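S.K.: Would you mind keeping the following structure in view while I ask a few things?
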Amino acid sequence: MDSYPYLSQIVDPRFLHTLSIKELQEVADEVRRAIISNVSQTGGHLSSNLGTVELTVALYAAYSLPPDKVVWDTGHQAYPHKLLTGRLPRFDTLRKHKGLSGFLKPDEHELDAFGAGHAGTAISAALGFAAARDIAGTDEKIVAVTGDSAICSGMSWEALNHAGELGTQLLVVLNDNRMSIAPNVGALTQYFTRLRSRPDLQDIAGKAKNLVERFGGPVERVAAGLRHGLTHYFAPEQAGTIFEEMGFEYLGPVDGHNIEVMVEIFRNTRQLNQPVFVHAITTKGKGYSVAEEDSRKWHGVAPFNPETSEIPTSAPVVTYTQAFGDAMCACAEADPKVVAITAAMPDGTGLTKFAKTFPDRYYDTGIAEQHAVTFAAGLAAGGQKPFCVIYSTFLQRGFDQVLHDVCIQKLPVRFLMDRAGLVGDDGPTHHGVFDISMLSYIPNIVLLAPRDTTELREMMFWMSSYQSGPTAVRYPRGSGDDSLPEARTSIAIGKAEVLRTGKHLTLCAIGSMVGPAHQAARELAADGVEATVINARFAKPIDFDTIFADAQKTGNLILIEEGSRIGGFGQQVRDEMVERGLTGIRTQIMAIPDHFVEHGTQAILRRDLGLDSEGIKAKARSLIETGLR
Ligand SMILES: Cc1ncc(C[n+]2csc(CCOP(=O)(O)OP(=O)(O)O)c2C)c(N)n1
């Protein structure tokens, strides 16, 4: 704590109001040091947070938290906010089980105005706070801080559009570091580049002051966007910016690392009662040279050595993401119609190699999952074979597009849902536990889950050739289970695979739970309990006949999935059992109960929920305690 003389005293960010610019600079240095030192131990989002240090210090030196509210988009860049709101003593618990979250959560701290984890929500939420304030007749100031990638998402533009119409006080700060996780994409990105090169807007602080002189105090809430008309749209050299056309006062571009200028600007914007847009230019990874040089690699990192910048590599096991990436290239080699789509996640999804090898058949939509899904639908309707590669959690945003644009029209779009199941340290916003429930009740879609990385590859080839309608495959974060039998039956729609047979118990698992179920069966066998293990393979259509045939013999059935219990695989099997009037099968469902699962390692979370071989063994023993057949 002694090494953080300022930070260790800050509980209330309004303390910053009492400091000089030089002292604020010292605070910023402490924040940066604390982030590097801590993330090197805990892992986490490094480069985004190093880029927001000065911006946050300046914002909190000028705005008053509370009562003002700052809504951070996504929240992965808000470690400086955590440190400036008194969380230094617990910072070493960041992303650890029962420790601080890597994102913002109102139940973690009262100054976490709004929780997030998915990008593009800040401006909408902040505008909601502004409208609530106006109804209540109070005068706190509302700020949204968004990124140059998050602002490209559809929601951000829906919110900007609405904000321009409401005309009420709202400060939007664009933290423009020119990067998403990978380089940012899209026409808006090019527009920001043009804005950055505007020669005439150097004295932004002066412009902010002029605005206060002109508009300080209450202004009429008119659709300010109409003031300029739309003639200057997208012509920044001669005219107002698109943000001005939409009703914002635009201030920028400004060096987001210059505390003195930023404080001056924010002190002025705080006096304005209309929508204001501050365009701050920052550097991702600022102050830690390797992260500045390669912010992509240092976006989210495992623990590392802060002196040497070495990130220890783990044992060379094939992850699902790597297996997907290789299979994606193989599918494309085999079929020229195969194309791949990512929504701003080329590295995380494993598409980097595909992008290099097949640049003409690769699309990065930016953070635009809804568009990515309907774009894929159009590609399929146009005769191509789209593979739409989106993490399970982010596909939630494209739910209506999956249902309305893909499934009703029975279009053969292939959805590849990485990070299905419990993802670990990112926590509830990122766990991919709803996809089986979310997709199962949509007619026409086929839903698969592989037992290991080899099966993922086989499923992808099967999906590539399946043209009768949409398909989706879910697979977990991490590596597969290589202790499962190598002998395989080929993939056939709606057919499960029986991995071993036993007379006492039927273990029917899907996807990531097949490995633990098989291990449990091996260990139970040593105690004289013989279990059948079924690899369900399909969550839709489910191979009920295979499951019930075996369960009727054993009289004991456990259904296991790493997904939400409500509407999940197990419930569907039990529902069908009732429909068929099957009696005499003692059935248990092992799945994720009806609550949001917090963050922690995958192993801890699975253990706590009983979703590992120990949990399955315990459930098996308790089920058959009442008597073996
Ligand atoms: C809906 C959604 N899609 C994808 C992601 C994954 N993601 C997390 S941060 C990020 C990049 C954000 O870039 P930007 O908004 O520019 O912020 P920066 O990290 O550069 O500060 C992405 C794609 C997400 N969180 N939410």
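S.K.: Which of (1) open to solvent by less than 70 Å² (accessible area, probe 1.4 Å); (2) modelled with pLDDT of 90 or more does Glu260 not meet, given it meets every other one?
M.R.: For Glu260, the failing item is (1).
S.K.: Would you confirm whether or not the stretch 5-19 contains a residue that is within 16 Å of the ligand (Cβ to nearest atom) and closer than 28 Å to Ala205 by Cβ?
M.R.: Initially, the stretch 5-19 is screened for residues within 16 Å of the ligand (Cβ to nearest atom), giving none.
No, because not a single residue in the stretch 5-19 is within 16 Å of the ligand (Cβ to nearest atom) and closer than 28 Å to Ala205 by Cβ.
S.K.: Restricting attention to the stretch 514-528, report how many residues are over 23 Å from Ile592 (Cα atoms), open to solvent by 10 Å² or more (accessible area, probe 1.4 Å) and touching a helix residue (DSSP H, G or I) at 6+ places or on another chain (Cβ under 9 Å). Let's see the steps before the verdict.
M.R.: Here is the first cut: in the stretch 514-528, the residues over 23 Å from Ile592 (Cα atoms) are 522-528.
Cutting the leftovers down to open to solvent by 10 Å² or more (accessible area, probe 1.4 Å) gives us 522-523, 525-528.
Okay, now just the ones that are also touching a helix residue (DSSP H, G or I) at 6+ places or on another chain (Cβ under 9 Å), so 522-523, 527.
So the answer is 3.
S.K.: Another question, then. If you take the residues of the stretch 391-409 that are in a helix (DSSP H, G or I) and β-branched (Val, Ile, Thr), which of them is farthest from the chain's Cα centre (by Cα)? First the steps, then the outcome.
M.R.: Here is the first cut: in the stretch 391-409, the ones in a helix (DSSP H, G or I) are 392-407.
Narrowing further to those that are β-branched (Val, Ile, Thr): 393, 402, 406.
Details: Thr393: 6, Val402: 18, Val406: 22 Å.
If we take residues in the stretch 391-409 being in a helix (DSSP H, G or I) and β-branched (Val, Ile, Thr), then Val406 is farthest from the chain's Cα centre (by Cα).
S.K.: While we're here: When you check Ser47 against the structure, is it free of Cβ contacts under 8 Å to residues at least 40 places away in the same chain and among the small types (Gly, Ala, Ser), yes or no? It would help to see each step written out before you state the result.
M.R.: Details: free of Cβ contacts under 8 Å to residues at least 40 places away in the same chain: no; among the small types (Gly, Ala, Ser): yes.
So Ser47 fails the test.
S.K.: Residue by residue through the stretch 356-379, note down the ones that are farther than 20 Å from Leu411 by Cα and surrounded by fewer than 18 Cβ atoms within 10 Å (Cβ to Cβ).
M.R.: Across the stretch 356-379, the qualifying residues are Lys356, Thr357, Pro359, Asp360.
S.K.: Could you go through the stretch 124-136 and let me know if any residue there is under 24 Å from Lys284 (Cβ atoms) and either crowded, with 19+ Cβ neighbours inside 10 Å or aliphatic (A, V, I, L, M) (or both). Even if it seems obvious, please write down each step before you answer.
M.R.: Let us first name the residues in the stretch 124-136 that are under 24 Å from Lys284 (Cβ atoms), namely 125-126.
Going one step further and asking which of them are either crowded, with 19+ Cβ neighbours inside 10 Å or aliphatic (A, V, I, L, M) (or both), we end up with 125-126.
Scanning the stretch 124-136 turns up at least one residue that is under 24 Å from Lys284 (Cβ atoms) and either crowded, with 19+ Cβ neighbours inside 10 Å or aliphatic (A, V, I, L, M) (or both).
S.K.: A follow-up question, please. Could you identify the single residue in Asn273, Asn305 that is among the polar types (S, T, N, Q) and under 30 Å from the mean Cα position of the chain (by Cα)?
M.R.: Numbers: Asn273 fails: under 30 Å from the mean Cα position of the chain (by Cα).
None of the other options fit; the residue is Asn305.
S.K.: Can you name the condition, by its number, that Thr352 falls short on among (1) more than 15 Å from the ligand (Cβ to nearest atom); (2) more than 30 Å from Lys105 (Cβ to Cβ)?
M.R.: (1)
S.K.: Another question, if that's okay. Can you pull out every residue in the stretch 84-98 that is touching a Leu at 6+ places or on another chain (Cβ under 8 Å), among the basic types (Lys, Arg) and open to solvent by 20 Å² or more (accessible area, probe 1.4 Å)?
M.R.: Arg90, the sole residue that qualifies.
S.K.: For Cys388, work out the one condition from (1) under 14 Å from the mean Cα position of the chain (by Cα); (2) crowded, with 24+ Cβ neighbours inside 10 Å; (3) within 16 Å of the ligand (Cβ to nearest atom) it doesn't fulfil.
M.R.: Here Cys388 meets the rest and fails (1).
S.K.: Tell me, which residue of the stretch 39-49 that is more than 10 Å from the ligand (Cβ to nearest atom) and crowded, with 22+ Cβ neighbours inside 10 Å is farthest from Gln77 (Cα to Cα)? Explain how you work it out, then say what you get.
M.R.: Pass one, the stretch 39-49, residues more than 10 Å from the ligand (Cβ to nearest atom): 39-44, 46.
Now restrict to residues that are crowded, with 22+ Cβ neighbours inside 10 Å: 39, 44, 46.
Values: Val39: 13, Gly44: 10, Leu46: 8 Å.
Taking the candidates together, the pick is Val39.
S.K.: Is there any pair linking a residue in the stretch 17-43 that is touching a residue at least 12 places away in the same chain (Cβ under 8 Å) to one that is in a helix (DSSP H, G or I) and surrounded by fewer than 20 Cβ atoms within 10 Å (Cβ to Cβ), with Cβ under 7 Å and at least six apart or on different chains, and which?
M.R.: Within 7 Å, the pairs are Ile21/Glu260; Asn38/Asp92; Gln41/Asp92; Thr42/Asp92.
S.K.: Looking at the stretch 412-423, can you tell me whether even one residue there is away from the ligand (no atom under 13 Å from the Cβ), in contact with a Pro (Cβ under 9 Å, 6 or more places away or on another chain), open to solvent by less than 10 Å² (accessible area, probe 1.4 Å) and among the small types (Gly, Ala, Ser)?
M.R.: So far as the stretch 412-423 goes, yes, one or more of its residues are away from the ligand (no atom under 13 Å from the Cβ), in contact with a Pro (Cβ under 9 Å, 6 or more places away or on another chain), open to solvent by less than 10 Å² (accessible area, probe 1.4 Å) and among the small types (Gly, Ala, Ser).
S.K.: Being assigned to a loop (DSSP other than H, G, I, E, B) and within 16 Å of the ligand (Cβ to nearest atom) is the filter here, so list the residues in the stretch 117-145 that pass it.
M.R.: Gly117, His118, Ala119, Gly120, Thr121 - these are the residues of the stretch 117-145 that are assigned to a loop (DSSP other than H, G, I, E, B) and within 16 Å of the ligand (Cβ to nearest atom).
S.K.: Checking the condition away from the ligand (no atom under 16 Å from the Cβ) and either over 18 Å from Thr319 (Cα atoms) or touching a residue at least 12 places away in the same chain (Cβ under 8 Å) (or both), which residue from Gln401, Gln467 passes?
M.R.: Values: Gln401 fails: away from the ligand (no atom under 16 Å from the Cβ).
Answer to the selection: Gln467.
S.K.: Only residues that are away from the ligand (no atom under 14 Å from the Cβ), open to solvent by 40 Å² or more (accessible area, probe 1.4 Å) and farther than 16 Å from Ile242 by Cα: list them for the stretch 146-189, please.
M.R.: Leu166
S.K.: Checking the conditions here, which among Arg33, Arg90, Arg95 is closer than 26 Å to Phe266 by Cα and at pLDDT 95 or above? Quick ask: steps written out before the conclusion?
M.R.: Details: Arg90 fails: closer than 26 Å to Phe266 by Cα; Arg95 fails: closer than 26 Å to Phe266 by Cα.
So the residue among Arg33, Arg90, Arg95 that is closer than 26 Å to Phe266 by Cα and at pLDDT 95 or above is Arg33.
S.K.: Select from the stretch 64-116 the residues that are within 16 Å of the ligand (Cβ to nearest atom) and among the hydroxyl-bearing types (Ser, Thr, Tyr) and write down the one among them that is farthest from Pro13 (Cα to Cα). Before the answer, list the steps.
M.R.: Within the stretch 64-116, the subset within 16 Å of the ligand (Cβ to nearest atom) is 70-82, 95, 101-105, 114-116.
Filter once more, so that each one left must be among the hydroxyl-bearing types (Ser, Thr, Tyr): 74, 79, 101.
Values: Thr74: 21, Tyr79: 14, Ser101: 19 Å.
Looking at residues that are within 16 Å of the ligand (Cβ to nearest atom) and among the hydroxyl-bearing types (Ser, Thr, Tyr), I get Thr74.
S.K.: Is it fair to say Thr587 is hydroxyl-bearing (Ser, Thr, Tyr) and touching a strand residue (DSSP E or B) at 6+ places or on another chain (Cβ under 8 Å)?
M.R.: On the way: hydroxyl-bearing (Ser, Thr, Tyr): yes; touching a strand residue (DSSP E or B) at 6+ places or on another chain (Cβ under 8 Å): yes.
Yes, satisfied.
S.K.: Here's another thing I want to ask about it. Check Gly382 against each of (1) buried (at least 19 other Cβ atoms within 10 Å of the Cβ); (2) small (Gly, Ala, Ser); (3) without any contact (Cβ under 8 Å) to a residue 60 or more places away in the chain and name the one condition it does not meet.
M.R.: Looking at each condition in turn, Gly382 falls short on (1).
S.K.: Where residues in the stretch 464-511 are farther than 27 Å from Gly378 by Cβ and polar (S, T, N, Q), which of them is nearest to the chain's Cα centre (by Cα)?
M.R.: Restricting attention to the stretch 464-511, the residues satisfying the condition of being farther than 27 Å from Gly378 by Cβ are 476-492, 494-511.
Applying the additional criterion that residues be polar (S, T, N, Q) yields 479, 483, 489-490, 501, 506.
On the way: Ser479: 20, Ser483: 31, Thr489: 35, Ser490: 33, Thr501: 39, Thr506: 36 Å.
Here the answer is Ser479.
S.K.: Just name the residue that is surrounded by the fewest Cβ atoms within 10 Å (Cβ to Cβ) out of those in the stretch 310-326 that are within 16 Å of Glu458 (Cβ to Cβ) and of a type in the set (A, V, I, L, M).
M.R.: Within the stretch 310-326, the match that is surrounded by the fewest Cβ atoms within 10 Å (Cβ to Cβ) is Val318.
S.K.: Mind checking which helices (runs of 4 or more DSSP H) fall wholly inside the stretch 1-100 and carry at least 2 residues that are of a type outside the set (S, T, N, Q) and touching a Lys or Arg at 6+ places or on another chain (Cβ under 6 Å)?
M.R.: Values: elements: 21-42, 47-51, 53-62, 79-84.
It comes to 47-51, 53-62.
S.K.: Sticking with this one: Can you name the condition, by its number, that Ser64 falls short on among (1) surrounded by fewer than 24 Cβ atoms within 10 Å (Cβ to Cβ); (2) under 23 Å from the mean Cα position of the chain (by Cα); (3) of a type in the set (S, T, N, Q)?
M.R.: (2)
S.K.: Let me ask another. Spot the failing condition for Thr313; the list is (1) away from the ligand (no atom under 16 Å from the Cβ); (2) touching a Ser or Thr at 6+ places or on another chain (Cβ under 8 Å); (3) not hydrophobic (A, V, I, L, M, F, W, C), and only one is missed.
M.R.: Single failed check for Thr313: (2).
The values are calculated or read from the model by the stated rules, or taken from the named source; none is laboratory data. None of the values given here were measured: they were computed from a predicted structure. Note: ideal-geometry Cβ built from the backbone for every residue, glycine included; neighbour counts use all protein chains shown. All accessible areas refer to the heavy atoms of the entire protein, side chains included, with ligands and DNA or RNA removed. Shrake-Rupley method; radii C 1.70, N 1.55, O 1.52, S 1.80 Å.
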